[in-house]
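Reviewing the structure listed below.
The values are calculated or read from the model by the stated rules, or taken from the named source; none is laboratory data. Only a predicted model underlies this, so the values are computations on that prediction, with no experimental measurement involved. With ideal geometry, Cβ positions are generated from the backbone for all residues, glycine too; neighbour counts draw on all protein chains shown. With ligands, DNA and RNA removed, areas are computed over all heavy atoms of the protein, side chains included. Shrake-Rupley method; radii C 1.70, N 1.55, O 1.52, S 1.80 Å.
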Amino acid sequence: MVRPRSPRPPPLALLLLLLLLLLPPPLPLSLGAGDPLPTEGRLMNSCIQARRKCKADPICNATYHHLNSCASSTSIPSPSEEEPSISEDCMEAAQQLRNSSLMRCTCHRRMKNQAACLDIYWTLHPARSIGDYELDVSPYEDTVTRKPWKMDLSKLNMLKPDSDLCLKFAMLCTLNDKCDRLRKAYGEACSGSRCQRHACQGQLRAFFEKASEPHAQGLLLCPCAPTDQGCGQRRRNTIAPGCALPSEPRNCLELRRLCLADPLCRSRLADFQTHCHPIDILGTCATDQSRCLRAYMGLIGTAMTPNFVSNVSTSVALSCTCRGSGNLQEECERLEDSFSHNPCLMEAIAAKMRFHSQLLSQDWADSTISMMERQNKNPALRSRPWVPSLFSCVLTLLLLPSLW
């Protein structure tokens with residue numbers, strides 16, 4: 001009598017396939033606002049990494065040194081001077097490196113060796129570095145991914161119910177150890193009758209680089225009622241304009257000349273012009289609003305620090321004037337308008353203020369939420385993790401009879 005064959009157990013490979021199909025997809029790695037400062041190895045093509053590779057090649061290394069001497073021997077012209085001509089041998093050296101990884105390298109505003117990285121970048125791009133005021137290529141790696149920002153809104157109940165939203169965002173910063181520490185650091189550096197503007201601006205840059213982006217944006221872009229002078233004044237004083245900005249506004253073209261002479265400021269200006277400038281007469285923006293706001297905040301603490309024009313306005317402007325520009329008046333006004341009449345920047349600021357208003361407009365007692373959860377409140381935008389899992393189960397059941 002032949003005994004019936006017992007069912008053969010599923011092979012190990014099939015069990016592994018089943019397990020992989022049922023597991024949720026891995027989350028992409030991101031540089032969150034609370035992440036540690038990135039190292040060169042975490043960037044796609046850091047200029048510091050590319051420079052190390054170039055050193056290993058004698059021809060590349062010699063060409064780079066020649067370009068470096070070109071950059072150090074040429075200065076930024078004053079607004080009234082003609083643009084300096086870049087020698088043919090310098091342009092030829094840049095052309096020789098065009099096919100190397102150096103010419104495609106980038107930096108990151110949170111990296112530890114940012115200054116060294118930017119020096120390499122501008123050495124490699126002499127035409128952009130000297131006299132080219134249409135800086136439409138940013139030296140920074142284009143990253144927008146952020147982790148959800150967890151915050152406990154229930155503690156805002158300690159404030160009076162009618163407290164303005166700028167005060168609420170200041171409270172959220174105070175309740176966060178890192179934000180509070182960085183804010184106090186620039187508050188101390190920027191206060192007093194004998195403040196050191198250079199030190200003040202350095203601490204301002206440190207705050208907007210190292211504090212979590214939602215905390216920094218909440219302080220800087222908190223919405224106020226049009227008649228609430230106190231709220232507007234608190235918002236306008238976020239960047240400590242009494243110390244961070246010159247008491248007497250300079251000519252805007254002179255301000256830009258000072259900025260172009262500093263690799264960091266030049267990089268931030270290029271980033272702003274890349275992400276906040278309209279690309280046509282209809283006002284179409286080159287990139288999304290999050291990139292524009294990040295580029296705008298990157299200018300705070302540089303020679304081109306913008307701020308709100310008054311306590312009752314959400315318009316921003318540079319602290320400079322076009323008086324005395326002579327035959328460069330039109331060019332100066334274009335620079336002014338790139339901040340004060342920039343539709344991409346204005347809409348990005350307005351949209352972020354609307355979001356902040358919605359975020360804090362309800363009673364969030366006993367709730368800890370994340371920014372990402374709040375933004376995805378719309379059911380049409382909410383992710384549905386059960387959909388891929390259900391599909392995986394059905395697919396697995398269909399495949400089982402043929403693989404068993």
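Pairing each residue of segment 101-122 that is within 16 Å of residue 67 (Cα to Cα) with any residue that is buried (at least 16 other Cβ atoms within 10 Å of the Cβ) and among the acidic types (Asp, Glu), provided the two are 6+ apart or on different chains, yields C-beta distances under 8 Å for 117/40. The requirement of being under 18 Å from residue 345 (Cα atoms) and part of a helix (DSSP H, G or I) is satisfied by residue 218. The residue that is farthest from residue 354 (Cα to Cα), among those in segment 312-327 that are touching a residue at least 12 places away in the same chain (Cβ under 8 Å) and open to solvent by 40 Å² or more (accessible area, probe 1.4 Å), is 326. When only residues in segment 197-215 that are assigned to a helix (DSSP H, G or I), in contact with a Cys (Cβ under 9 Å, 6 or more places away or on another chain) and not basic (Lys, Arg) count, which is farthest from residue 345 (Cα to Cα)? It comes out as 199.
Applying a threshold of 8 Å to beta carbon distances and a minimum spacing of six or more residues, or different chains, the list of pairs starting in segment 195-208 at a residue that is under 13 Å from residue 299 (Cβ atoms) and ending at one that is polar (S, T, N, Q) and open to solvent by less than 20 Å² (accessible area, probe 1.4 Å) reads 201/302; 201/305; 204/305; 205/302.
Checked against the criterion of being crowded, with 16+ Cβ neighbours inside 10 Å, among the hydrophobic types (A, V, I, L, M, F, W, C) and modelled with pLDDT under 75, the candidates 122, 149 yield just one match: 149. Where helices (runs of 4 or more DSSP H) sit wholly within segment 236-347, those with at least 3 residues that are under 25 Å from residue 108 (Cα atoms) and under 15 Å from the mean Cα position of the chain (by Cα) occupy 263-276, 289-298.
Exactly one residue out of 257, 235, 266 is modelled with pLDDT under 95, among the charged types (D, E, K, R) and crowded, with 22+ Cβ neighbours inside 10 Å, and it is 266. Would you say residue 216 is in contact (Cβ under 8 Å) with a residue 12 or more places away in the chain and open to solvent by 10 Å² or more (accessible area, probe 1.4 Å)? So residue 216 fails the test. Taking the criterion of being crowded, with 24+ Cβ neighbours inside 10 Å and in contact with a strand residue (DSSP E or B) (Cβ under 7 Å, 6 or more places away or on another chain), the only residue of segment 269-287 that qualifies is 271. For residue 230, the requirement of being under 20 Å from residue 168 (Cβ atoms), in a helix (DSSP H, G or I) and at pLDDT below 95 is met.
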